[in-house]
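Reading through the C-alpha cells given below for one structure.
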Amino acid sequence: MYKKRLLFIIPIALLTFPVCVFAAFTVSARPYEGGYDLDFRKVGFIETAVNKEVIVRTDSEPGKQYRLIQTLFEPLTNSQGISLTYGRNFVVYAVRGSNRYGTISVEQENPVSPGRTIVYTSNPNGDSDQFTLVYALVGPFDVPSGIYRGRIGLTLEAVDSAQPPQTVFLNVTAEIEAEAGIEIKSPSGLKIISLSGKEVARESSDVLFTIRGGFGRQFRILQLLSGSPTSSSGDELPYDAIMVSLKDVNKGSGPAQPVALSGNQQIVYTSSMRGEAESFSLDYILNEIPGAKAGRYKVGIGYFLQESSGAPLQKLDSYILEAEIEKVFDLFLKTESGQGSISFRDIGPNQPPRTFEVEVQVKSNSGRPYLVTQKMLSPLANKEGNTILNKYFSMKTEKLKQTKGLPKVQNKSEMTTQDTTLFVSDRSGSSDTFKVIYELNAASDVKAGDYATSIVYSLSEL
C-alpha cells in the first residue's frame, strides 16, 4: 500500500537591504629586513645615524585621491619614562624616485613627531603605489643607556570621500648605548691655561667641555685650585686677579658674568635636570690688579664631577694655569699747561715770585726700589737769547696724599744742569706719585719776555 505524501508549498519572500560596499583601500608597511617591527638593535652614542628602511604599499581603486599621514603615537621611551628628543634624534625621509605616481612630501629629513606629517599624496586618479621610507636614529643622544620602545602609525586617508581611514602600526625598538662622559680640552691641545698681558691689558683663554651621552639626572662640575697662583720668587697673585665665566652654554647654567677664582671648591657648571648632552667653555681672564708684581704665576687647577648634592667628587682632569704679569716701568708727567716744557710767560723786572708745578707719576711692578732724577738742559731763556741766572730759579719736591716713597729735595734748592735726585721709592718699588714745584724770582735787571727751559727726567732701578 502506498502512503500519500502531502506537499506543502510555503511562499518565501526575498527581502533585500541596501548595503554600502567600499572599494579596496588599504596600506601596508613592512621593514626591508623583514618582520613587523622596526628594530634598530644597538645604537652607539657617537654614531652619526642608524637607518632602517620600510616598504610602504598603498592599494586603492582608481578614481579617489588619497594621502598618507604619519604620527608618532608612542615616543621612544625607556622603562624610567625618559624619551628621545623628537626633533633631533628620530627622523624620517623617503628614498627619492621610489614611488611611481604620487608626490612624496618627505624627501628631506623630517622629525618623527606626535603631530600629523603628510608623507605621501597620490595622483588625482588615486592609483595604488609603493615607495620606501627611511627611519633614522641620529646621535648624539642626551638620554641614559637602555632599551627604548615606541610606536609609529601610518594612516591612509581619502581626500574627498567618506572612505574610512586605514591605519597600520610599526613597533619601534632601539638599544641606546649612550655612555655618559665628559671630555675636557684646550684649543692648543695642551693641559695649560695660559694668560698674559701688561697691567693695563687683559687676555683670556678657554677650556672646552663636551658632555657626551645623557646622565639622566642633574650633576655639577666643580673646579679646585691647588693653592694661590705663585711666582718663582715666591710672590702670590690674589685670587681676584683671574676671573672665570661660562660661555656658549644652552642647557646647563653657571657664572654668566666673570667671577674671581676661589681657594675653595667652586661650582662652574650645573647641568639640566636630565643631565643632557651639550658643549660649552670656561673662559679665564687676567684681571687688572694694581700692585701685582711682574712674573709668571702658576697654580694647579682640577675639575671634578659631582653627580648629586653631597655625593663624593670624581676627578675628571687637571690643568696648569699660568698667568704672566709683564714688567711695567714707566714715568709720566702732568704739568699745569699740559705742555712738555717748563715756561714762565710775561716775565718782567721786580715781579713777585712765579711758580710752575709738575706732577710725576711712576708705574712699576718690578718689586725693586727705584729713583727719579732730573737734569736741566739749559738755563731759562727767551727767544731773543736773554737768560736768567740759576740763582733766581729754584725747585723743591713735595709729597702728595698717596705718596709712599721719599721726596729728596724738601727745601728750596737752586736749579743746576747737573743730575739731581728728586725721589726714591719705598723698598717694594711701589708705583707712586709726587710733585715738583719750580719757582722763579725775577731780578731787577731781567729783560721782559717769555722764558722757558727743558728738563730731562730719568727713572732707574736701584
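For Gly252, indicate whether it is of a type in the set (Gly, Ala, Ser), under 14 Å from Leu195 (Cβ atoms) and modelled with pLDDT under 95.
Here the answer is no, as Gly252 does not meet what is asked.
Filter segment 373-394 down to residues that are in a strand (DSSP E or B) and of a type in the set (S, T, N, Q) and give me whichever is farthest from Gln351 (Cα to Cα).
In the first step, residues of segment 373-394 are kept if they are in a strand (DSSP E or B); the result is 373-376, 380-381, 387-388, 393-394.
Applying the additional criterion that residues be of a type in the set (S, T, N, Q) yields 373-374, 387, 394.
Numbers: Thr373: 30, Gln374: 27, Thr387: 16, Ser394: 16 Å.
Top of the filtered list is Thr373.
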### Task
Tell me, yes or no, whether segment 315-330 has at least one residue that is under 29 Å from Leu84 (Cα atoms), in contact with a Phe, Trp or Tyr (Cβ under 8 Å, 6 or more places away or on another chain) and either assigned to a loop (DSSP other than H, G, I, E, B) or in the same structural domain as Asn89 (by TED's automatic domain parsing) (or both).
no
Scanning segment 72-102 for residues that are within 19 Å of Arg57 (Cα to Cα) and not in a strand (DSSP E or B) gives Val95, Arg96, Gly97, Ser98, Asn99, Arg100, Tyr101, Gly102
Ile118 passes all but one of the listed conditions (1) of a type in the set (A, V, I, L, M, F, W, C); (2) modelled with pLDDT of 95 or more; (3) assigned by TED's automatic domain parsing to the domain that holds Ile285; the exception is number (3)
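If you take the residues in segment 117-175 that are small (Gly, Ala, Ser) and within 48 Å of the chain's Cα centre (by Cα), which one is surrounded by the most Cβ atoms within 10 Å (Cβ to Cβ)? So that I can check it myself, show each step before the final result.
Step one: of segment 117-175, the residues small (Gly, Ala, Ser) are 122, 126, 128, 136, 139, 145-146, 150, 153, 158, 161-162, 174.
Subset that is within 48 Å of the chain's Cα centre (by Cα): 136, 139, 145-146, 150, 153, 174.
Details: Ala136: 17, Gly139: 21, Ser145: 19, Gly146: 16, Gly150: 20, Gly153: 15, Ala174: 25.
Taking the candidates together, the pick is Ala174.
Residues are listed down the side, and each one gets a yes or a no for (1) in the same structural domain as Gly367 (by TED's automatic domain parsing); (2) surrounded by 16 or more Cβ atoms within 10 Å (Cβ to Cβ); (3) of a type in the set (Gly, Ala, Ser):
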{"position": "Asn390", "(1), (2), (3)": "yes, no, no"}
{"position": "Ser394", "(1), (2), (3)": "yes, yes, yes"}
{"position": "Thr397", "(1), (2), (3)": "yes, yes, no"}
{"position": "Gln402", "(1), (2), (3)": "yes, no, no"}
{"position": "Gly405", "(1), (2), (3)": "yes, yes, yes"}
{"position": "Thr421", "(1), (2), (3)": "yes, no, no"}
{"position": "Asp426", "(1), (2), (3)": "yes, no, no"}
{"position": "Val436", "(1), (2), (3)": "yes, yes, no"}
{"position": "Val446", "(1), (2), (3)": "yes, yes, no"}
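Of Pro124, Pro144, Pro140, which residue is assigned to a loop (DSSP other than H, G, I, E, B), at pLDDT 90 or above and not assigned by TED's automatic domain parsing to the domain that holds Phe219?
Working: Pro144 fails: at pLDDT 90 or above; Pro140 fails: at pLDDT 90 or above.
Only one candidate qualifies: Pro124.
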Out of (1) part of a loop (DSSP other than H, G, I, E, B); (2) buried (at least 17 other Cβ atoms within 10 Å of the Cβ), the one Phe356 does not meet is (1)
Is it the case that some residue within segment 312-326 is touching a residue at least 60 places away in the same chain (Cβ under 8 Å), loosely packed, with under 14 Cβ neighbours inside 10 Å, of a type outside the set (Val, Ile, Thr) and over 20 Å from Lys404 (Cβ atoms)? yes
Per the filter on segment 257-290, residues part of a loop (DSSP other than H, G, I, E, B) and polar (S, T, N, Q) are Gln257, Ser262, Asn264, Gln265, Ser271, Ser272, Asn287
- Message: Just to be sure before I move on: is Asp450 in a strand (DSSP E or B), surrounded by fewer than 15 Cβ atoms within 10 Å (Cβ to Cβ), in contact (Cβ under 8 Å) with a residue 40 or more places away in the chain and more than 51 Å from the chain's Cα centre (by Cα) in the structure I sent?
- Response: yes
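Given the structure, is Ile347 hydrophobic (A, V, I, L, M, F, W, C), touching a Ser or Thr at 6+ places or on another chain (Cβ under 9 Å), crowded, with 16+ Cβ neighbours inside 10 Å and modelled with pLDDT under 90? Lay out the reasoning, then the answer.
Details: hydrophobic (A, V, I, L, M, F, W, C): yes; touching a Ser or Thr at 6+ places or on another chain (Cβ under 9 Å): no; crowded, with 16+ Cβ neighbours inside 10 Å: yes; modelled with pLDDT under 90: yes.
No.
Which ones in segment 83-98 are of a type outside the set (Phe, Trp, Tyr), more than 22 Å from Ser128 (Cβ to Cβ) and crowded, with 18+ Cβ neighbours inside 10 Å? Spell out how you get there, then give the answer.
The initial filter retains those residues of segment 83-98 that are of a type outside the set (Phe, Trp, Tyr), namely 83-85, 87-89, 91-92, 94-98.
Then drop every residue that is not more than 22 Å from Ser128 (Cβ to Cβ), which leaves 83-85, 87-89, 91.
Correct list: Leu84, Asn89, Val91.
Condition check: under 21 Å from the mean Cα position of the chain (by Cα) and assigned to a strand (DSSP E or B). Does Val249 satisfy that?
Numbers: under 21 Å from the mean Cα position of the chain (by Cα): yes; assigned to a strand (DSSP E or B): no.
Answer is no for this residue.
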A careful count of residues in segment 61-91 that are under 26 Å from Ala158 (Cα atoms), touching a strand residue (DSSP E or B) at 6+ places or on another chain (Cβ under 6 Å) and at pLDDT below 90 gives 1
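Which one is farthest from Arg354 (Cα to Cα), of the residues in segment 395-442 that are part of a strand (DSSP E or B) and among the acidic types (Asp, Glu)?
Start the filter on segment 395-442 by keeping residues that are part of a strand (DSSP E or B), which leaves 395-399, 406-407, 413-414, 420-424, 432-440.
Imposing the further condition that a residue be among the acidic types (Asp, Glu) reduces the set to 398, 414, 432, 439.
On the way: Glu398: 17, Glu414: 15, Asp432: 27, Glu439: 6 Å.
Within segment 395-442, the match that is farthest from Arg354 (Cα to Cα) is Asp432.
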Query raised in the report: So is Leu286 surrounded by 18 or more Cβ atoms within 10 Å (Cβ to Cβ), more than 25 Å from the chain's Cα centre (by Cα) and over 30 Å from Val143 (Cβ atoms) or not?
Result: no
With criteria (1) within 16 Å of Val168 (Cβ to Cβ); (2) crowded, with 21+ Cβ neighbours inside 10 Å; (3) under 39 Å from the mean Cα position of the chain (by Cα), Val56 comes up short on (3)
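Quick check on my filter: what residues within segment 23-42 are assigned to a strand (DSSP E or B) and either of a type outside the set (Val, Ile, Thr) or crowded, with 16+ Cβ neighbours inside 10 Å (or both)?
Residues of segment 23-42 assigned to a strand (DSSP E or B): 25-31, 37-42.
Listed by number, the residues that qualify are Phe25, Val27, Ser28, Ala29, Arg30, Pro31, Asp37, Leu38, Asp39, Phe40, Arg41, Lys42.
The values are calculated or read from the model by the stated rules, or taken from the named source; none is laboratory data. Please read these numbers as outputs of a predicted model, since none were measured by experiment. Cβ atoms come from the backbone with ideal geometry, glycine included; neighbour counts cover every protein chain shown.
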